[in-house]
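These notes are about the structure you will find just below.
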2 protein chains.
Amino acid sequence: MTAPALSETGPSETAVWTLPGGLRVAFERRRTAGFAFDLRLPTGSAHDPAGHEGTTGVLEEWLFKGAAGRDARALQDAFDDLGVRRGGGVGLEATRLSLGGLADDLDAALALTADVLNRPTLPADELPILTDLARQDLEALQDSPTDRLAVTSRALAFPPPAGSPFAGFGHPASGTVTGLAALTPGRLSAHLRRLGQAGGVLGLVADLEPGRALELVMARLGDLRPGASETVPAAYVPGVRAWLPDADAEQTHLSLTAPGVSPRDPDWLPWQVALGALSGGSASRLFHAVREERGLAYAVSASPVILGGQGFLATYAGSTPERAPETLDVLIAELARLPRGLTAAEFGRARSGLHASVTFGAEGLRARAGAMTRDVALFGRVRPLPELRAQLAALTLERVNAFLAGYDPVRDLSLVTLGPQELPHA
Amino acid sequence: MTAPALSETGPSETAVWTLPGGLRVAFERRRTAGFAFDLRLPTGSAHDPAGHEGTTGVLEEWLFKGAAGRDARALQDAFDDLGVRRGGGVGLEATRLSLGGLADDLDAALALTADVLNRPTLPADELPILTDLARQDLEALQDSPTDRLAVTSRALAFPPPAGSPFAGFGHPASGTVTGLAALTPGRLSAHLRRLGQAGGVLGLVADLEPGRALELVMARLGDLRPGASETVPAAYVPGVRAWLPDADAEQTHLSLTAPGVSPRDPDWLPWQVALGALSGGSASRLFHAVREERGLAYAVSASPVILGGQGFLATYAGSTPERAPETLDVLIAELARLPRGLTAAEFGRARSGLHASVTFGAEGLRARAGAMTRDVALFGRVRPLPELRAQLAALTLERVNAFLAGYDPVRDLSLVTLGPQELPHA
């Protein structure tokens, strides 16, 4: 265990410890009447066993159906008694349990979280209700064109490798109709063995002596089971062209996926700046070319997506069926001119935007706990704010453009559309 | 002008000033490297002239198409150069311009905001693009069952009084197809006269001497035009029963509206506690009865809505067409038993939840600026946190139940559903 160290920046103290069982704990002291923590365990919907899509999502709900002698109602009452705010849930690659509340309740909140993970009742009679709710969520997704498009895009661009035990990225956390039908109490209980310390990260912000914080976490989460930490590989398929027909849709939705940069790659920061220029504000290239100049689409965006430790670029626009072909042309033209580099003004704006993001991201308790957890999960450590600011200050236009000169997101583009008509390009 | 006063709570200082032109300014000092402000002007989509729905929404976009000698691109670049984060937009009753950024840029951010409001270019050639984008947004709303339901519910439960000059609450900020077709540059420019100091509130959080903060705001926003402040009355129609057919919908969506309590009513806090017990967490009545016990709906919620200075209760659930009738029965049964009061445990949980909300709502810079603005707009002042906490502590179960004994949300309920079949009740 590393000794807690004072950071260089004013009043807060940041420390990262690794518990004997493997759980990494990132702690920051803040003068605050509250606390926030974010526990991230590296099992998400991508880890659902193939053919049993929905396993992680239903299991996570099941965990809250009673624990350590409390029935479902008593457990929910116990959380609500603390007045804590619960967040998190099942994502593609991880399950998060996040809580924020008043300082005095931190220990009780950690204890309840440990009960849910270590001592769940898992009552069999609740399962049909939970799978039924998951089915209802799937039906609601069917009514949302953008959600359907996002799931299908991932299914086509990131299919699971042949023989993979994992279902992968092509289904929502609520699963699939066939996957839900195949769930059994035994299979779900077996899946619970994955949720433990291995690869897990707890980000915690509170006004405590660091030693006392470590003591609390050790006492409550130190006996969390070993767990499993496996990365589901994101085997990207370039050149996908697909159309999801939707005769009744008023809009045509476009989803473009392209390779990007991994978080631990030295080009990560240059890529972030380039994405800021592409899609970071009202002066960004996509917003301007698609929306402001041509009025082609009300919504347009490009954002980084991290899957399997790799970075990808996800671009979306929703347009009218008539204008969808031109919208697509403009999106591709904007991606195609990235290798020609940014202007000095674009670079300055994108860097200012990142600078402000860094400051604001550190501001709220819950946001900070989440950011520390994400840092440890993606970068292996908490990136100190002064270091981030110094990196940004040291970054040059030349560095970003040298990276962009070799970055061609169009070459390996995958394209999925949803709407009443197929696009000429698609 | 009231002199800035130190608040009783530790490091922060809160002051509310009224500028000579009428703008109210709520300022709180925080030790922070950033700033955040939220400028709320009391003209929203409800103030669109009848027959010209979309006026406020399109005008707000138009304001950003150039100001004070900068063209659209230069203005957007100027905002992005600061790295500030823009928020806000057009709501039902107000238009908000919100910015957060680094401390050094506060003055420049205020100056840009003043330029947009006082010295916009309003170029005529941009208007067709903006109305076109608004039409596209309306088409996207058509693809969202929950958005369609929400707009139609408001249209039926809060129709504009006959002869009202205002379009009222029954359309989205993007307007209506016919309203957008009727917009002209002259009408939009005339509408701009509404956006000024009257009824306006600026919430500001920064690390400045209060005197210096007032000086900055006066210099930049002191000459904002007089503006208009009129409340669009929310004339509630009880007993609405309507069905929006959607043959292709996988789900049936239910929207229930009922009268509630106004923010300045002494029953406001008891009502908030009652809503917490009804829908505030996993132990809440609706969540438990609809979702946990019966698995009737994936999503269910009840929340307070404030329109025309009055409070209303909006309840929503999305269910399968088969289970929608039972879902409706359960929702109504839960509303109907509110007059019988809360249990001591429910009261305690709901109060803890509010207590935590108060603490967390004050946490982030932007959240705090927004909360101060909302306080002044709804309550006429910033409610100090210690006062809020003391009020919560002094609240008793007896007080809440005395209020609930006279609160019957079912009597005047309005119900709108959307789905493939009409409900037997509807």
Rounded FRET efficiency, nearest 0.05, which uses the C-beta distance separating A:Asp147 from B:Glu387 and R0 of 56 Å: 0.85
Which chain A residue hugs the A-B rotation axis most tightly by its Cβ, and what is that distance in angstrom, to the nearest whole number? A:Gly364, 2
Between copies, how far apart are the B:Arg31 label points? List them in nm, one decimal, shortest first, with each point 7 Å from Cα toward Cβ, please? 0.4
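So if a site counts as exposed when it's one of the trypsin sites (Lys or Arg not before Pro), its DSSP state isn't H, G, I, E or B, and it has at most 14 other Cβ atoms within 10 Å, what's the longest stretch of chain A without one? If you can, show how the numbers build up before the last one.
Values: sites that count: A:Arg31, A:Arg193, A:Arg264, A:Arg337, A:Arg381, A:Arg411.
Value returned for the longest uninterrupted segment is A:32-192.
For chain A, what % of the accessible area comes from carbon and sulfur atoms, probe 1.4 Å?
On the way: 8350 of 15630 Å².
For chain A, the apolar C and S fraction of the accessible surface comes to 53 percent.
At the nearest 100 Å², what buried accessible area, both sides summed, do you get for A and B when the probe is 1.4 Å?
For chain A against chain B, roughly 5300 Å² becomes buried.
Rounded, prolate or oblate: which fits chain A, taking a ≥ b ≥ c as square roots of the Cα gyration tensor eigenvalues, rounded meaning a/c under 1.5, else prolate when a/b beats b/c? Walk me through the intermediate numbers first.
On the way: a/c = 2.09, a/b = 1.25, b/c = 1.67.
Since a/c reaches 1.5 but b/c is at least a/b, the shape of chain A is classed as oblate.
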Looking only at A:Ala394, A:Ala155, A:Ala140, which one moves most when chain A is put into a Gaussian network model with springs between Cα atoms under 10 Å? A:Ala394
Accessible area per residue for region B:269-426 in Å², computed with a 1.4 Å probe and the full protein assembly in place, what is it? 35 Å²
List the residues of region A:62-85 for which accessible area in the full set of protein chains is at least 40 Å² lower than for the chain on its own; 1.4 Å probe, protein heavy atoms only. A:Arg73, A:Gln76, A:Asp80, A:Asp81, A:Gly83, A:Arg85
Using alpha carbon positions and the Kirkwood radius, the Rg to Rh ratio of the protein assembly as shown is 0.93
Provide the solvent-accessible area of B:Ile129, counting protein heavy atoms only and rolling a 1.4 Å probe, rounded to the nearest 10 Å². 40 Å²
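Take every residue in peptide A:345-353, count the Cβ atoms of other chains within 10 Å of its Cβ, and give the average of those counts. Provide the component values of the computation, followed by the final result.
Values: counts 3, 2, 0, 4, 8, 2, 1, 8, 7.
Shielding by partners across A:345-353 averages 4.
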Region B:256-321 and region B:115-188: distance between their alpha carbon centers, rounded to Å: 28 Å
Tell me the distances, shortest first, between B:Pro185 and the same position across the other copies, using label points 7 Å along Cα→Cβ, in nm to one decimal. 7.3
Over region B:38-159, with the other protein chains present, what is the accessible area per residue in square angstrom, probe 1.4 angstrom? 31 Å²
Kyte-Doolittle mean at least 0.5, axial Cα span of 15 Å or more - DSSP H helices of chain B: B:106-118, B:210-221, B:268-279, B:324-336
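Go ahead and estimate [θ] at 222 nm for chain B from helices alone: -39,500 (n - 2.57) per DSSP H run with n ≥ 4, summed, over the residue count, rounded to 500. Before the final figure, lay out the partial values.
On the way: 14 runs with 163 residues, N = 426.
Mean residue ellipticity, 222 nm, calculated: -12000 deg cm²/dmol.
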Which log10 I(q)/I(0) values, to two decimals, does region B:159-304 give at q = 0.20 Å⁻¹ under the Debye formula with one point per Cα? -1.28
Per-copy distances of the A:Thr396 label point, shortest first, in nm (7 angstrom along Cα→Cβ): 7.4
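The values are calculated or read from the model by the stated rules, or taken from the named source; none is laboratory data. Worth saying up front: this structure is predicted, and the values here are computed from it rather than measured. Note: ideal-geometry Cβ built from the backbone for every residue, glycine included; neighbour counts use all protein chains shown. For the accessible areas, the whole protein counts, side chains as well, though only heavy atoms, and no ligand, DNA or RNA atoms are used. Shrake-Rupley method; radii C 1.70, N 1.55, O 1.52, S 1.80 Å.
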